[in-house]
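Here is the structure we will look at, set down as structure tokens.
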């Protein structure tokens, strides 16, 4: 390592490797491409060009100059470090080093002084620099590009006005600082007053009840914690709550903020809002606003004016409550009418319409769309959507996907589209078309028409004289919500009692009764009849039916041998026979001889004995099979599968 001693004159030192330089006085220049220990006594300029320098120059006016350095640097008197911005240490310095001026590189630098340190002048030079000030009276020169002065190390509030010439800091520990080439300000942890200038400024108040005024230019105001006063004045100005750790509610029309960092804030002449990373509610005013929700499930309401609504991440909603009628299409990115005129919507999943006749359409994803009042037209398009018409005569179309469609009040027309849809038509005489898929259709009050279309559908007409058409597939009609027992016949399509009063049924294969005493009759096809609670009477008719009485003392009625085959798919199954239930065979002539009247079956055990009209029960695992021999040839002519843990005896039959 070389040791070089300077003279009393103006010296220039260029070290090619390790070295110790001790200039004696006057103006010295030290240029080091390698490791260097500098102990200086005159007015010195130390030019850093590579790693490994350690500075200790006490006397005179000394400058640490990184203007020729090949990348941005971070120089800090607080921790004694000189680093690349990635954290790599390239030198050391201390508050007692006696260096009065830091000159940054042509890149993005971070220059930090400390109270009691010697540095009083910071030059950022080119690049987007951050100059962190201390209590020392300083000249803070950002240089070219967009530069920031930060007072985060100040324990007292500061007042900074970028519009002033000369000393712009007039309060707090940094009083007397002069700022030049500075565009952005960061306040202290206390109550600050920060003023921008005619250009575009970013003012961040940090903690404390701050006053931020952007004045001219398109400014960004970040109040931080505390009840802040945020004033944009001229230009297109934005309040930014992206750092808030709780969701915020910001209303530009009212000039108020609630929740998180917005709590207690007052806003004036602000055009745009950036929300937090949580669930926010952002409201615009009568001008053109840009509302950005960020992450979280946000609600955006631009109001009048051509607004830009960006939900960001999360499930976000654009609301047009309080507007005249609007037309918004998320799939085709169009908006018109009322407050939607001129709006652009990005990253918005859900729509809330006005009280008038809206046309709202989703996109290919999952959307929640509500029409509110008015005769609305709602379309889900692709995805598993939820559409609610609200009051008024609405038209709803789910499109593709498994959709949830709610008609609300009024005479609604609802199309489920493809997919397994769930429809609640609400009050009014509604028209509901399930279309493709296994749909659940509920008519509600009113005389409704429910058409299941393709798929295995479930239809519940509710109160009123309804037309229930199952369409293709295995379709079910449900009266589970009826407060009164129902009587219905699938063969004739007639129905009466409770919610079934006046109903007409076509294309129905399965019936779900009420919790009362029901009388359910199938047709010539294979039916499933489920009585639910109550003392029900179930008659399957021809083909292989599935009968389930549910709770109560139920009666399973057979009127002909053809009602249940001996084997195969034509054989009936009674699924839940219990004590108190009865299998009613009284309408069948046991010996098939009408000349001797209606003969009753004889219940016995063992094999058939070649007597006409014998009834036997054979247990096969968990199933008891009821066999009947009508003609006495010891071959069953009729059979029923009975699933029950109750052993069948003669008392369980009406013979």
- [ ] Give the residues of the stretch 349-371 that are outside any strand (DSSP E or B) and buried (at least 23 other Cβ atoms within 10 Å of the Cβ), sorted by residue number.
- [x] 353, 354, 358, 362, 367, 371
TODO: Please enumerate the residues belonging to the stretch 639-655 that are touching a residue at least 40 places away in the same chain (Cβ under 8 Å) and either assigned to a helix (DSSP H, G or I) or touching a helix residue (DSSP H, G or I) at 6+ places or on another chain (Cβ under 7 Å) (or both).
DONE: 650, 652
Open item on the list: Step by step: first the residues of the stretch 451-480, then only those that are more than 35 Å from the chain's Cα centre (by Cα) and farther than 10 Å from residue 508 by Cα, then the one that is surrounded by the fewest Cβ atoms within 10 Å (Cβ to Cβ). Which residue is that?
Closed with: 465
Open item on the list: Let me spell it out: the conditions are (1) on the phi > 0 side of the Ramachandran plot; (2) in contact with a strand residue (DSSP E or B) (Cβ under 7 Å, 6 or more places away or on another chain), and residue 534 meets all of them except one. Which number is the exception?
Closed with: (2)
TODO: Among the residues of the stretch 434-450, write down those that are surrounded by 22 or more Cβ atoms within 10 Å (Cβ to Cβ) and in a strand (DSSP E or B).
DONE: 441, 442, 450
TODO: Kindly provide the set of residues from the stretch 622-638 that are in contact (Cβ under 8 Å) with a residue 24 or more places away in the chain, in a strand (DSSP E or B) and crowded, with 18+ Cβ neighbours inside 10 Å, ordered by number.
DONE: 624, 626, 628, 638
Task: Unmet requirement for residue 536, which otherwise passes all of (1) within 16 Å of residue 640 (Cα to Cα); (2) modelled with pLDDT of 95 or more - done: (1)
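Just to be sure I understand, how many residues within the stretch 576-585 are surrounded by 16 or more Cβ atoms within 10 Å (Cβ to Cβ) and either at positive phi or in a loop (DSSP other than H, G, I, E, B) (or both)? Working first, answer last.
Of the residues in the stretch 576-585, the ones surrounded by 16 or more Cβ atoms within 10 Å (Cβ to Cβ) are 576-577, 581-585.
Those left that are additionally either at positive phi or in a loop (DSSP other than H, G, I, E, B) (or both): 576-577, 585.
Going through the stretch 576-585 one residue at a time, the tally reaches 3.
The values are calculated or read from the model by the stated rules, or taken from the named source; none is laboratory data. These figures come from a predicted structure and were not determined experimentally. A quick note on method: Cβ atoms are made from the backbone with ideal geometry, for glycine too, and the neighbour counts reach across all protein chains shown.
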